[in-house]
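One structure is given below, encoded as structure tokens.
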Amino acid sequence: MNNVKQKSFFGRIDWLTILLWLTLCLIGWFNIHAAVFDPEHPELFNLQTNYGKQSIYIFSAIIIGISILIIDAKFFSSSAPVIYIIVTLLLIAVLVVGRNVGGNQAWIPLGSFRLQPSEFGKLATCLLLAYYLSSQSNKAPTMKTLAIGAGIVLFPVLLVMLQPDTGSALAFFSLIFVFYREGYVNTGFLLFIGMCILLFVLALLVNQWILIGSLLAICGFFAFSLRKRRKYLINISILFVVSTAYILCVDFAYEHILQQHQRNRIDIILGKMDDPKGQGYNLNQSMIAIGSGQLLGKGYLQGTQTKYNFVPEQSTDFIFCTIGEEWGFVGSTILIAVYMTLLVRIVNIAERQRSAFARIYAYGVASILFFHVFINIGMTIGIVPVIGIPLPFISYGGSSLWSFTILLFIMLKFDANRKGVA
């Protein structure tokens with residue numbers, strides 16, 4: 001009987017998702033080997049190198065994944081508040097005892113290993129958000145529920161910003177898609193967010209008074225066209241006042257809140273600044289490396305930009321450069337296809353869940369992974385500012401690999417046990 005039950009359980013595990021996960025881990029391992037290749041220590045398992053250490057992280061991740069599949073699924077749903085509190089304490093602890101690397105106090109030293117609590121903060125937030133929203137799933141969406149849910153997301157964001165680690169903090173905002181799926185925000189709200197981003201970019205590209213004048217002309221045109229409808233005139237007037245205030249706030253925030261290096265990165269992306277040897281060095285070298293790979297790439301361990309360390313942080317935040325240079329457009333496209341297949345698979349898994357907790361959590365996993373993949377690849381090819389976040393399962397680092405693995409395998413556990421999960 002036990003063998004039958006065990007076979008039944010493992011038969012329900014989504015092995016395709018596990019295969020995609022393992023594929024990405026192996027792609028990451030081999031490309032870390034290429035990115036920081038040391039001729040004196042060429043072995044993949046040499047623990048004196050980053051690729052040797054990554055092999056340990058991958059092996060540990062496999063053990064973690066198996067352990068999660070063995071643990072009762074109800075443990076994760078019932079322990080969500082405790083996990084959130086523990087990770088929150090770690091986020092506070094890193095501000096006191098953390099090690100400062102590159103201007104961010106985001107790591108807690110544990111011997112030769114450095115733990116990055118912000119990576120696990122996304123996991124804890126997904127769990128608690130699913131825990132809370134699922135408890136409200138039988139009720140109509142309310143502003144109170146939305147406010148509490150937003151508070152669950154924003155509290156760790158505040159702690160991460162104190163490090164300061166802008167990239168990791170921004171990743172939490174991807175959870176807006178969870179609120180959208182559960183009906184707490186509508187399509188109009190997402191369009192509103194999109195318009196705010198567009199207006200933000202325009203406010204940086206165009207003189208604020210010219211932009212405000214253009215808005216006045218546009219609003220004036222619509223006001224004249226709808227002059228017989230008083231309700232629309234009031235709405236247009238409010239829209240103009242709010243937009244004007246927003247533009248002025250963007251200018252103030254850009255000049256007085258953002259740090260100089262952050263302003264420089266945005267200016268480079270928007271084409272307002274050309275600094276290939278300074279702030280734009282990483283991006284410039286990144287695009288050179290990816291472009292030099294052309295269609296099929298230069299071959300494994302043959303990348304000159306990679307071999308001579310032209311791109312900083314090439315085994316972590318800029319690992320996609322190695323893939324682009326050595327495997328070319330074809331290899332890069334295959335990698336993106338693997339990610340897209342994984343994301344589509346996760347959404348399918350989310351939609352077939354019988355419990356609100358598992359569904360909400362799975363959408364949180366999809367949101368976090370999509371944000372990391374889009375932003376990381378986007379910043380290496382110059383379509384988004386460089387904010388320094390890892391490429392899931394590919395970039396070097398134990399904290400990143402373990403947190404994404406736990407995030408994914410908890411979802412797989414819920415899916416395999418979806419007939420009995422709370």
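Here are some notes:
- For a straight C-alpha distance cut-off of 14 angstrom, the aspartates and glutamates reachable from K74 (same-chain residues fewer than eight places away being disregarded) are D415.
- For the chain, the membrane-span-like helices by this rule, meaning whole DSSP H stretches whose C-alpha atoms cover at least 18 Å of axis and whose Kyte-Doolittle mean is 1.0 or above, are 15-35, 50-70, 80-97, 143-161, 187-205, 208-225, 319-351, 356-380, 398-416; this says nothing about an actual membrane.
- Cross-link partners of K144 among aspartates and glutamates (Cα-Cα below 18 Å; sequence separation of 8 or more within a chain): E182
- For peptides 37-50, 187-200, 337-350, sequence by mean Cβ density within 10 Å, most packed first: 337-350, 37-50, 187-200
- Surface composition of the chain: carbon plus sulfur atoms contribute 67% of the solvent-accessible area (1.4 Å probe, protein chains only, all chains present).
- A 1.4 Å probe run over segment 1-154, with the rest of the protein chains in place, finds 52 Å² accessible per residue.
- Segment 185-256 - accessible surface per residue (Å², probe 1.4 Å): 72 Å²
- A106 long-range amide H proximity, modeled H, under 5 Å: R99, V101
- Using C-alpha pairs under 8 Å with a sequence gap of at least 6, the mean separation divided by the residue count of the chain gives a relative contact order of 26 percent.
- GNM flexibility winner over the chain from S315, S225, S134 (Cα, springs under 10 Å): S225
- Relative contact order %, segment 185-256, counting alpha carbon pairs below 8 Å whose residues are six or more apart: 39 percent
- A Gaussian network model of the chain, with springs between Cα atoms under 10 Å, assigns the largest mean-square fluctuation among G378, G220, G183 to G220.
- Peptides 210-219, 71-80, 164-173 ordered by packing proxy, namely the average of other Cβ atoms within 10 Å per residue, highest first: 164-173, 71-80, 210-219.
- Most mobile of L127, L158, L90 in a GNM of the chain (Cα contacts under 10 Å): L158
The values are calculated or read from the model by the stated rules, or taken from the named source; none is laboratory data. Predicted model, so just to flag it, every value in this text is computed and none were measured. All Cβ positions, even for glycine, are placed from backbone atoms using ideal geometry, and neighbour counts span all protein chains on display. Remember, those area values only see protein heavy atoms, side chains included, never the ligands or the DNA or RNA. Shrake-Rupley method; radii C 1.70, N 1.55, O 1.52, S 1.80 Å.
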